[in-house]
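Take a look at the structure set out below.
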Amino acid sequence: MIQSSSELKKKPVVKKVLPKKEVDILEQEQKIRPSKLDEIIGREQEKKTLKMMIDSAKKRSEVVDHILFYGPPGLGKTTFAMAIANEIGGGIRITSGPAIERQGDLAAIITGLKKNDILFIDEIHRLSRVVEEILYPAMEDGVLDIVMGKGPSAKTIRLNLEPFTLIGATTQIGKISSPMRDRFGLVQRLDFFSNEDMVSILKRAANLWKIEIEEEALEKLSNCARGTARIGLRLLKRTRDYMENSTGNVINIDAVNQTMKLLEIDEYGLENIDRLILKTLVNNFNGGPVGASTLAASLSEDVSTIADVYEPYLMKCGYLKRTSRGRVITQKGLKYLEDLNG
């Protein structure tokens, strides 16, 4: 049985008090995240489309249509959601698919939204079908149907919602049902960043974090970042750690090389697990084809981790391809392993 929205709102909110050091780290993380669309580096076509939607909605005095972002992790889906909220001047409520277990969980969230607010659901493909069903009328008609009781005596209460925008993010768009996907006004894929954009992202972060870094070192970090902003920023932090534990004050190419060596990341951004995937394909399965679940079991890794985190970049590099029969290492991938061993 679903509780009424008034009962749900009465539950106390528990706030976690963090130590000052952790608060400072969180503030740094928020500082590095662009707050407006114009501050986002690259993504010119995506920004142009979103600005058109926002400006048009403002002229009609309406809320922005629902948006779905998809693509590999760490490419800016959450950043876009927060930037859009700032552009339209609304609040944003951030949650994730696994966190919304029951209809009541979602009801408590969306009944608290105000006009022009944004509800951002990360990993939206992990919403249960039962929860999805109450999202349909909320997205299309701005109403929430709550079932009180069970069996023949059950009653349905319809609540009118304030107009809001749902922004979903997923790494597995194929797992989102067609009825759900069709209710989004814009379905936008986010691809890997170019090396040029990665350099700009890292340079901006270095300035905000007051890190002195040479241009050659920035280029090297960009090459190792796998076209992913989240990874690039993480590598910049680890290089800063290395510098602070050495005698230098400026990050140079040698500091980057030594940091990548410690992290076992090569010049293409490949990590141990990437190399292990390619080696397993060759040594255990004669180069493939092999099914994703079989490959994951051989590596003692989760299938979704292999498919969502590692395979997209290996495919981008041209080392791996997916076929109808399974994963296959390419000639370029074999050449990479030969050079590695040579």
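The values are calculated or read from the model by the stated rules, or taken from the named source; none is laboratory data. In this text the structure is predicted, and so the values were computed from the model without any measurement. Reconstructed Cβ throughout: ideal geometry from the backbone, glycine too, with neighbour counts over all protein chains shown. Note: accessible area is taken over every heavy atom of the protein model, side chains too, but ligands, DNA and RNA are not part of it. Shrake-Rupley method; radii C 1.70, N 1.55, O 1.52, S 1.80 Å.
A compact table of results
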| read-out | value |
| --- | --- |
| Carbon plus sulfur fraction of accessible area for the chain, probe 1.4 Å, in percent | 48 percent |
| Cα coordinate range in the chain, projected on the principal axes (Å, largest first) | 74, 49, 41 |
| Cβ-derived FRET efficiency at R0 25 Å, GLN172 paired with LYS321, nearest 0.05 | 0.85 |
| Calculated FRET efficiency for the pair ASP241/SER194, C-beta based, R₀ 25 Å, to 0.05 | 0.40 |
| Cut-off 10 Å between beta-carbons: net charge of the residues surrounding VAL130, Lys and Arg +1, Asp and Glu -1 | -1 |
| Lysine pair number, Cα distance threshold 14 Å (strictly under), the stretch 257-342, separation 8 or more or different chains | 4 |
| For peptides 297-303, 209-215, sequence by mean Cβ density within 10 Å, most packed first | 209-215, 297-303 |
| Mean Cα-pair separation over length for the chain, i.e. relative contact order, pairs under 8 Å, 6 or more apart, % | 15 percent |
| Segment ARG93-SER61, length gained on full extension (0.36 nm per residue, minus Cα span) | 9.4 nm |
| Cβ charges +1 (Lys, Arg) and -1 (Asp, Glu), total dipole of the chain, debye | 960 debye |
| Extension gain, GLU44 back to GLU133 (0.36 nm per residue minus Cα-Cα distance, nm) | 28.6 nm |
| Packing-based ranking, highest mean first, of 220-229, 130-139, 35-44 given that Cβ atoms within 10 Å are counted | 220-229, 130-139, 35-44 |
| Where chymotrypsin sites (Phe, Trp or Tyr not before Pro) fall in DSSP loop in the stretch 243-340, at most 16 other Cβ within 10 Å | TYR268 |
| Per residue accessible area in Å² of the chain, where ligands, DNA and RNA are left out and the probe is 1.4 Å | 54 Å² |
